[in-house]
Amino acid sequence: FMGVESNTIKLVSRLIEKTDCLVVSLVALRRDDGTGFDMVFRKADPEIYSSDLLTSVTAMNRTVEACVRDRPEQYQWEYKRFKDARKGSRHTYGP
């Protein structure tokens with residue numbers, strides 16, 4: 001995630017594998033004037049549909065990164081994606 005190995009959930013990749021669903025991202029961007037949010041939908045990185053788990057979760061990370069780059073100050077940076085990000089843990093890692 002953002003070029004750093006990080007904890008990445010496998011749930012989305014597993015759901016795609018089981019249901020053959022389509023994936024879109026949704027970002028709620030807080031308006032600068034405080035009057036609410038703008039909802040932005042995007043197509044997911046096409047490799048998210050890969051049957052290879054690492055390829056799929058890496059594509060999911062790229063999809064999230066694209067959303068974060070729009071307004072990085074609004075991303076939930078306290079989310080513990082980088083906690084215990086080491087080889088051999090129970091998490092899946094992707095750049």
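The values are calculated or read from the model by the stated rules, or taken from the named source; none is laboratory data. Keep in mind that what you see is a predicted model, and the values were worked out from it rather than measured. Cβ sites come from the backbone with ideal geometry, for glycine too, and all protein chains shown count toward neighbours.
Quick notes on this one:
- Among the candidates Thr8, Thr63, the residue that is surrounded by 12 or more Cβ atoms within 10 Å (Cβ to Cβ), modelled with pLDDT under 85, among the β-branched types (Val, Ile, Thr) and under 13 Å from the mean Cα position of the chain (by Cα) is uniquely Thr8.
- Those residues of region 34-66 which are hydroxyl-bearing (Ser, Thr, Tyr) and over 22 Å from Glu17 (Cβ atoms), in sequence order: Thr35
- Selection within region 1-21 - more than 21 Å from Tyr75 (Cα to Cα) and free of Cβ contacts under 8 Å to residues at least 12 places away in the same chain: Arg14, Leu15, Lys18, Thr19, Asp20, Cys21
- Only residues that are surrounded by 17 or more Cβ atoms within 10 Å (Cβ to Cβ), of a type in the set (S, T, N, Q) and in contact with a strand residue (DSSP E or B) (Cβ under 8 Å, 6 or more places away or on another chain) were counted in region 23-58, giving 1.
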